[in-house]
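Reading through the structure tokens given below for one structure.
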Amino acid sequence: MVKLRIPASSANLGPGFDSFGIALTLYNDHTFELSDHLEIIGCPPEYSDERNLSIIAFKATLKVMGKPYTGVKMTVDAHIPFCSGLGSSAATIVAGAKGANALYGDPLSNDELLQICNAIEGHPDNVAPAIYGGMTVSVVQNGVAYCVQYPVHPDLKFVVMTPDFELATKESRRVLPQMVNRQDAIYNLSHAGLLPKALELGDERLIRLAVQDRLHEPYRRPLITDLTLVEKAVNDLGAIAFCISGAGPTCLAITKDPDFAEKLKKELHTPHSKWNIQELDIAK
Ligand code: HSE
């Protein structure tokens, strides 16, 4: 039997649409045991069959390793909220891939696991940090995913604000335009180029500048009820930066203030939704 902890992740970080992500210290815990049938404990019934993303990834990984699939017993203790912009589906996929790999002594590298997980998820920005940890920047070329990790300044804290409603990634991608204009492309390229260095240095002025986006956030903001109120509260408390986490609806604040989350809990009153606020660190 193998035990695994897979971290949540926050993708995009503003301008790094579908390529940037950070692993965060909020985890799903899994165990895997080889079996002659499928047994899933800890998932709602509608996710407890062969269509479960962990099982799809588990089987795909066995196939790459040339091992037969007869069944598996998987337990799940999930803490990453579903459909919330914190990489729950990526964590589920990565769990299955890492579980299969671990049961056979970890023959596959993280780079090989990334290919399997990216093929299932469709974009690498959440699966990469869930596999490697830290901050990752990923590229897909000719179907092959590449990933590099960047250091993040240890003083930075990542406060996630998750509302009491879900937003399906499919819905949040549907509102995005098919084409972008050159000015917006340049805007995002230049801001994305700054962001890893800004986070490494912990440079507040640069982070605030670099986290700005024109490719997805302007289109998604109307989908997130009370976003402007949350953003105002975050800014009034002096956060370094604010962005949508992944496809939303969770929002992310970057701060160095150790009391920021507590202050925000006291300040944040929204008329239409309730927000769960958690201070997280980068998961290594
Ligand atoms: N990069 C993705 C998006 C993350 O923003 O749609 C969610 O899967």
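The values are calculated or read from the model by the stated rules, or taken from the named source; none is laboratory data. Quick caveat: nothing in here was measured; it's all calculated off a predicted structure. For neighbour counting, all protein chains shown are included, and Cβ atoms are generated from backbone atoms with ideal geometry for every residue, glycine included. Protein only, heavy atoms only, side chains kept; ligands, DNA and RNA dropped before computing areas. Shrake-Rupley method; radii C 1.70, N 1.55, O 1.52, S 1.80 Å.
Selection of strands (runs of 3 or more DSSP E) fully inside the stretch 1-71 by the criterion of at least 3 residues being more than 21 Å from the chain's Cα centre (by Cα) and not small (Gly, Ala, Ser) returns 20-34, 39-41.
Of the strands (runs of 3 or more DSSP E) lying entirely inside the stretch 213-281, the ones with 3 or more residues being closer than 23 Å to Ala23 by Cα and open to solvent by 10 Å² or more (accessible area, probe 1.4 Å) are found at 275-280.
Could you please find all residues in the stretch 122-143 being more than 13 Å from the ligand (Cβ to nearest atom), out of contact with any Lys or Arg (no Cβ under 7 Å at 6 or more places or on another chain) and open to solvent by less than 20 Å² (accessible area, probe 1.4 Å)?
Ile131, Met135, listed by residue number.
Checking each residue of the stretch 185-200 against the condition of being outside any helix (DSSP H, G or I), open to solvent by 70 Å² or more (accessible area, probe 1.4 Å) and modelled with pLDDT of 95 or more gives no match.
Which residue is farthest from the ligand (Cβ to nearest atom), if the candidates are limited to the stretch 80-101 and must be among the polar types (S, T, N, Q) and open to solvent by 10 Å² or more (accessible area, probe 1.4 Å)? So, considering only residues that are among the polar types (S, T, N, Q) and open to solvent by 10 Å² or more (accessible area, probe 1.4 Å), the one farthest from the ligand (Cβ to nearest atom) is Thr92.
Looking at Tyr69, Tyr104, Tyr146, which one is more than 16 Å from the ligand (Cβ to nearest atom) and within 26 Å of Ala198 (Cα to Cα)?
On the way: Tyr69 fails: within 26 Å of Ala198 (Cα to Cα); Tyr104 fails: within 26 Å of Ala198 (Cα to Cα).
Unique residue meeting the criteria: Tyr146.
Does Ile116 satisfy the condition of being out of contact with any Leu (no Cβ under 6 Å at 6 or more places or on another chain), away from the ligand (no atom under 16 Å from the Cβ), open to solvent by 10 Å² or more (accessible area, probe 1.4 Å) and in contact (Cβ under 8 Å) with a residue 24 or more places away in the chain? So Ile116 fits the description; yes.
Checked against the criterion of being open to solvent by 60 Å² or more (accessible area, probe 1.4 Å), in a loop (DSSP other than H, G, I, E, B) and free of Cβ contacts under 8 Å to residues at least 24 places away in the same chain, the stretch 162-174 contains not a single residue that satisfies it.
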